[in-house]
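This report refers to the structure that appears directly beneath it.
The values are calculated or read from the model by the stated rules, or taken from the named source; none is laboratory data. As the structure is a prediction and not an experimental result, all values here were calculated from the model. Glycine also receives a Cβ, built like all others from the backbone with ideal geometry; neighbour counts cover every protein chain displayed. With ligands, DNA and RNA removed, areas are computed over all heavy atoms of the protein, side chains included. Shrake-Rupley method; radii C 1.70, N 1.55, O 1.52, S 1.80 Å.
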Amino acid sequence: MKYFYLIAFASTTLFFCTLSVKTYADPVTPLTFNFSVLPIHLSGGFLQVNSTYKFVGVANGTSAVVTIVSTTGGATVEMLDDNDLTKPEAFSPRIYVPAFSDGMVEFKIEYFSGNSNNPKVLASLSATAMDIDGTTSVRYERDALNMGTGSVLSYQSNTLEISVAQTGNEFLATNIAGVEYPGVDTTAKQVMFTLSNTNISSFTYKVGVNNLSNTGDSRQKGIYFKGFNYSTLAVKYANFSASIYNNGVQLNWVTEYESQNDYFEVQRSFDGTNFNTIGLVLDAESTVNNYTNYRFKDNASILAQKDVIYYRLKQIDKNGSFTYSTTIAVRLKAKEGVKIQTWPNPFTQKIVIGFTATNAVQAVVKLINANGQVVLTQQSQANKGYNNLVITNVSQLTAGTYIAQIIVNNEVIGSQKIIKQ
């Protein structure tokens, strides 16, 4: 839990060039530095500006010196490094900010060889500012990191919890959602960011809070010396399929998770490499049991001249960022020697799909309902020559229209509309 206490106070009178964004954070480098050792007070007034503290042995052959550089807005340092309420290996200062004040404390962290006064240049360093949270209309935390020229920023870009701005070499993350998270760790990926650089021996770390309440606020902060990959999972697809339908291609996709999704661009290619946007899908067809269904029909006359068409989705977030779906292929004209037949049609208890394969292949049969949901998938080994693939577990399907597909090597080689009685 966050450690804080309140002090009564009389009331008188928040894109950068080196952005590197990846969804959900997972560590990509092992922990290098550990600040769990007790610091030694070297100079200056205790917990005052210009005081210095040494952490011996934060890594093999490496010590660190922390200096309290400056304070603003009446902010003060209550504890230099609190190992009880945060990850012990993190550097975890606790600060106090008076009522109605936007205060910050700046720390400088320098690395030295062994226990000497000789600066140590690090081949690489990553620092992750954690738990930059807040409380609506009461407090909004702010953290900043500065590692000099060439720094690389990583954070969960689709979050609406924090905003990150760059001024010179400093990256400042400000809480904008006002949501409180328990603990000071890396479980709340949406309220943290990472800065990384190479060949450096020092950096600065600022911590603060815009305190809008009429009482003083004590906040526990922390930076964790580990790099992270932030993967922006704006949309999780349950299915993306295409089928030949009434002289065109019917695209259906289903999402089981969306975060700040705005709309989709449908993109088409005739060579699998060069894609063009052919339409926008702004609204879903339906939502059933948290699955959201979308549909798009490609009726372009040029399709009649092509053998294979490739499709993908470009998903656009409300903040302008985007991701691509997987690419699917649809064969409009059967390959030489490949013929697709489906019977009985209508069906009740089973379906037989017959086709001729030029080589032994793994064939995947999919049944897709009118909402674009894949209701059945079966993988079978097909031999060279003619094959009958029997699908028996279809009696439980509801009556209606379905699309039966055969997919070989990730390519839809045949589709047919079938009816369940």
When region 302-335 is checked residue by residue, the ones that are farther than 18 Å from V408 by Cα, surrounded by 13 or more Cβ atoms within 10 Å (Cβ to Cβ), among the small types (G, A, S) and at pLDDT below 80 are S321
Check region 383-399 and report whether any residue there is assigned to a strand (DSSP E or B), in contact with a strand residue (DSSP E or B) (Cβ under 6 Å, 6 or more places away or on another chain), closer than 29 Å to V288 by Cα and open to solvent by 30 Å² or more (accessible area, probe 1.4 Å). no
Report yes if D217 is at pLDDT 90 or above, out of contact with any helix residue (DSSP H, G or I) (no Cβ under 8 Å at 6 or more places or on another chain) and exposed (fewer than 14 other Cβ atoms within 10 Å of the Cβ), otherwise no. no
Got a number for residues in region 149-172 being assigned to a loop (DSSP other than H, G, I, E, B), under 17 Å from F193 (Cα atoms) and open to solvent by 40 Å² or more (accessible area, probe 1.4 Å)? 3
Given the conditions (1) part of a loop (DSSP other than H, G, I, E, B); (2) surrounded by 24 or more Cβ atoms within 10 Å (Cβ to Cβ), which single one is not true for T187? (2)
Of the residues that make up region 77-95, is at least one among the acidic types (D, E), under 21 Å from the mean Cα position of the chain (by Cα) and more than 20 Å from T215 (Cβ to Cβ)? no
Is it the case that some residue within region 336-349 is in contact with an Asp or Glu (Cβ under 9 Å, 6 or more places away or on another chain) and either open to solvent by less than 80 Å² (accessible area, probe 1.4 Å) or of a type in the set (A, V, I, L, M, F, W, C) (or both)? no
Residue set N118, N146; condition under 26 Å from F55 (Cα atoms), at pLDDT 95 or above, touching a Phe, Trp or Tyr at 6+ places or on another chain (Cβ under 9 Å) and crowded, with 16+ Cβ neighbours inside 10 Å; output residue N146
G272: passes all of (1) open to solvent by 10 Å² or more (accessible area, probe 1.4 Å); (2) in contact with an Asp or Glu (Cβ under 6 Å, 6 or more places away or on another chain); (3) under 29 Å from T327 (Cα atoms) but (2)
Can you give me the number of residues within region 357-379 that are in contact with a Leu (Cβ under 7 Å, 6 or more places away or on another chain) and open to solvent by less than 20 Å² (accessible area, probe 1.4 Å)? 4
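Rundown of residues vs (1) at pLDDT below 90; (2) touching a Lys or Arg at 6+ places or on another chain (Cβ under 9 Å), yes/no style:
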{"site": "V235", "(1), (2)": "yes, no"}
{"site": "S241", "(1), (2)": "yes, yes"}
{"site": "Y245", "(1), (2)": "yes, yes"}
{"site": "F270", "(1), (2)": "no, yes"}
{"site": "I278", "(1), (2)": "no, yes"}
Hits in region 349-366 - residues which are hydrophobic (A, V, I, L, M, F, W, C) and within 16 Å of I391 (Cβ to Cβ): I351, V352, I353, F355, A363, V364, V365
Check on N299, exposed (fewer than 15 other Cβ atoms within 10 Å of the Cβ), out of contact with any helix residue (DSSP H, G or I) (no Cβ under 8 Å at 6 or more places or on another chain) and at pLDDT below 90: no
